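Each remark here refers to the structure printed beneath this line.
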Amino acid sequence: MRVVRLHAYGEAEELRLEHAPDPAPGEGQVLIDVEAAGVHVIETRLRRGGAVGPHEPPRLPVVLGGEVAGVVAAVGDGVAGDWVGRRVLADVNGGYAERAVADVGSLRAVPDGVGSAVAVAMDSTGATTLGLLDQAALTPGDVLLVLSAAGGIGGLAVQAAVRAGVTVVGAAGGPEKAARVSALGAAFAVDYRDPGWTDRVRAALGGRRVSVVFDGVGGTTGRQALELLGPGGRILLYGWSSGEPTRLDTADLIERQLGATWALNPRMLGNWAELRARALREAAADRLVPLISRFPLEQAARAHAALEERTVQGKVVLLP
């Protein structure tokens, strides 16, 4: 089978397409013919040899990738044979490959009518989005500012909030992404690379104030978004694609009566298994349609580079 393996920490070009023997499922495991594999920002940092939260740099050589969708091809001892032929999502070690082994306990059935790329895009990304929305408890009176609104989480959040009658402002990096956010139904979309983007948001709102921010960008952009919050507003932080988290202190919280929630850890978002199941149901019902940037497996290095350069839209998915 073909795999993408990392032999040395460094730039995206260190990801190399190779051939390897098919893995064999052990006791309690299944072998999956991979049809789609998710790519996460965290994997780009692990590729460079950095630790990310509880995640230590991987031991080399390594095949990255933790989530796949595909068809069960074989089962190991102790696993019911009727798993063979079923389309599933699974947590794996080594998803950048044509085949991967997964513990049977990690398998989730993919609903009929949901493609493998969509299933991967709605798995942890969709679950995180739903968890954020649950915590935000948005009402039609809210003004929600979504950073990276053309990203995997951002695009889903815009759709869900618009459907709930919330006034949505979407901030994205570049005019093409901003146009995509407008197409998703945002009341106003802005390019946050424009130095005057916050003034444009204020003008567009006509005296209303942002009441909730979804921030997965951090850095200067996250801080600018925080400054747009009105008194009593809330910011939900779930990442920092800019390379550093949004800076805030107790003065922001006390003097402006703001609320801040760190919502990256799945355990802080609610019942993770149920959130994942809900995300698939939303996709099956066409209530949420994920934005997806697809790359063939052999272009995993290009996928990593594009993710780091922030030129992709939506969830990055490899297609073996």
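All of the numbers you see were taken from the coordinates with simple rules; none came from a lab. Here the structure is a predicted model, which means the values were calculated and not measured. So basically every Cβ, Gly included, is an ideal-geometry build from the backbone, and we count neighbours across all protein chains shown.
What the table shows:
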quantity: Candidates G94, G207, G85: whichever shows maximal mean-square fluctuation once the chain is modelled as a Gaussian network with Cα springs under 10 Å; calculated: G207
quantity: Net charge dipole size for the chain [Lys, Arg +1 and Asp, Glu -1 on Cβ; Debye, nearest 20]; calculated: 780
quantity: Alpha carbon centroid spacing (whole Å) that separates region 38-53 from region 151-227; calculated: 26
quantity: Fully extended contour minus Cα-Cα distance, from A187 to E18, at 0.36 nm per residue; calculated: 56.2 nm
quantity: At R0 = 25 Å, FRET efficiency that the Cβ-Cβ distance of R302 and R281 yields, to 0.05; calculated: 0.15
quantity: Net charge dipole size for region 1-42 [Lys, Arg +1 and Asp, Glu -1 on Cβ; Debye, nearest 20]; calculated: 40
quantity: By average C-beta atoms within 10 angstrom, highest first, the peptides 120-129, 135-144; calculated: 120-129, 135-144
quantity: Simple label model, 7 Å out from Cα along Cβ direction - E244 to V52, nm; calculated: 2.0
quantity: Cα-centre dipole for region 147-229 with unit charges at Cβ (Lys and Arg positive, Asp and Glu negative), debye to 20; calculated: 160
quantity: Shape call, region 124-267: gyration tensor on alpha carbons, a/c limit 1.5; calculated: rounded
quantity: Given charges at Cβ of Lys, Arg, Asp, Glu: the chain dipole, positive-most of A277, G314, A260; calculated: A260
quantity: Computed lengthening from R223 to D77, 0.36 nm per intervening residue step minus Cα-Cα distance; calculated: 47.3 nm
quantity: Full-extension gain in nm, R86 to A203, via 0.36 nm per residue minus C-alpha separation; calculated: 36.9 nm
quantity: Degrees between helix 272-284 axis and first principal axis of the chain (Cα, 0 to 90, nearest 10); calculated: 90
quantity: Nearest-ten-degree value, helix 219-228 long axis tilted from longest Cα axis of the chain; calculated: 40
quantity: Folded to 0 to 90 degrees: helix 152-163 orientation relative to the chain principal axis, Cα; calculated: 50
